[in-house]
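As structure tokens, the structure follows; a few thoughts come after it.
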């Protein structure tokens, strides 16, 4: 029996310390999912906390034949989708990220080229902004696929969809992201051209 | 512009041979859509995991303790209200009969028999009223109306059964 299953069993018997170990183990994955889904560190923190509270509440319903991480992320994804549906009309801002130091990205220590790393970082930020324009469930599928390397079967299990629905949602999301990426590039190019027209020569 | 088979290769992340790679590179140079698809694919493959601020588990334990306390309070108040309400109801129902509590055993037996007779005659009256209604209703109701009524009853029955089933399965959230 692995450590995780032992903690789950102990937590199911009411051991809060064992559940705390599970929180410690999975906090980053759950937080990242919520952050990518909701776009804001504060909302992600709230959602991740709520995900663990719901998991604690429903621990007796956890099927041990399934992966605990998948089960946990499934709770998190459904909670975020519900939350997004509720605040559909509210203004969505992703510009506040990293401003208050409540969230940070794990640095890539193996990166040898700072310039390439900066470009990659910019692209990731751009992608993070573009993600918000996807349908909520499509976004959850994309996050599970690319951030967690979930298979289509695992995504289907977590999001309660059929495998073919997952496949078509992933394709739709990728197409939408490509479209948004193109639009973003066009508008950046337009902005650069406009700036150049109003610029005056330095010498 | 025809994006096939390039779009399929990019979306499904298929392994391609060197010749196909050359074809894809040539297509990417002229097709901004497929180029964007490839760029987003690369960006998605280089994503990073965002981590919460330190002390997440401690904050969770605080939340859990607060939630448990709130739940205990809610249950306590629920139990108090339920008990109090039950006592008031009991007093209201049993009040008129409290005087007979001190009466002789003969009076007790008489009132018990009266209750039994009342219960049986009431049930008989309800059954008779029901059978009369069933006999009379078809002459008032059109077949369509009758079907609507039966469907409504069936719907309510189904709703009730599903609710009981969901509750028994534990789909209805329980307290922490």
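Any read-out appearing in this document is the output of simple, stated calculations on the displayed coordinates, not a laboratory observation. Just so we're clear, the structure is a prediction, and the values are computed from it rather than from any experiment. Note: ideal-geometry Cβ built from the backbone for every residue, glycine included; neighbour counts use all protein chains shown.
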Would you mind checking the tilt of helix B:32-45 against the longest principal axis of the Cα atoms of chain B, expressed as 0 to 90 degrees and rounded to 10?
70
Taking segment B:112-169 as the region of interest, what is the percent of Cα-Cα pairs per 5 angstrom bin, listed from the shortest bin to the one with the maximum distance?
4, 16, 11, 14, 13, 14, 14, 11, 3, 0
Can you give me the distance in nm between label points at residue B:99 and residue B:159, each placed 7 Å from the Cα along the Cα-to-Cβ direction?
4.4
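Which shape class, rounded, prolate or oblate, goes with segment A:1-77 when its Cα gyration tensor gives a ≥ b ≥ c as root eigenvalues, a/c under 1.5 marks rounded, and past that a/b bigger than b/c marks prolate? Could the numbers behind the result be given before it?
Values: a/c = 2.10, a/b = 1.88, b/c = 1.11.
Note, shape of segment A:1-77 comes out prolate.
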From the convex hull of the Cα coordinates of segment A:1-45, what is the mean projected area in square nanometres?
3.5
Please give the helix B:56-94 orientation as an angle from the longest Cα principal axis of chain B, in degrees from 0 to 90, rounded to the nearest 10.
20
Let me have the relative contact order for chain B, percent, based on Cα pairs under 8 Å that are six or more residues apart.
17
Rg and Dmax of segment B:75-176, using alpha carbons, in Å: what are they?
22.4, 59
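Residues of B:30-40, mean number of Cβ from any other protein chain within 10 Å of their own Cβ, rounded to a whole number?
The shielding value for this peptide is 5.
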With springs only between Cα atoms under 10 Å apart, run a GNM on chain B and tell me which of B:98, B:149, B:44 wobbles the most.
B:44
Point-to-point label distance, residue A:25-residue B:91, nm (Cα→Cβ direction, 7 Å offset)
5.5
I need the calculated FRET efficiency for the pair residue B:53 and residue A:66, taking r as the beta carbon distance and R₀ as 41 Å, to the nearest 0.05.
0.90
Run the Debye formula on the Cα coordinates of segment B:6-45, all scatterers equal and no solvent, and tell me log10 I(q)/I(0) at q = 0.18, 0.22, 0.25, 0.28 1/Å.
-0.44, -0.66, -0.84, -1.03
Using only the alpha-carbon atoms, how far is helix B:143-169 inclined from the longest principal axis of chain B? Give it as 0 to 90 degrees, nearest 10.
70
With labels modelled as points extended 7 Å from the Cα through the Cβ direction, what inter-label distance (nm, one decimal) is found for residue A:168 paired with residue B:112?
7.0
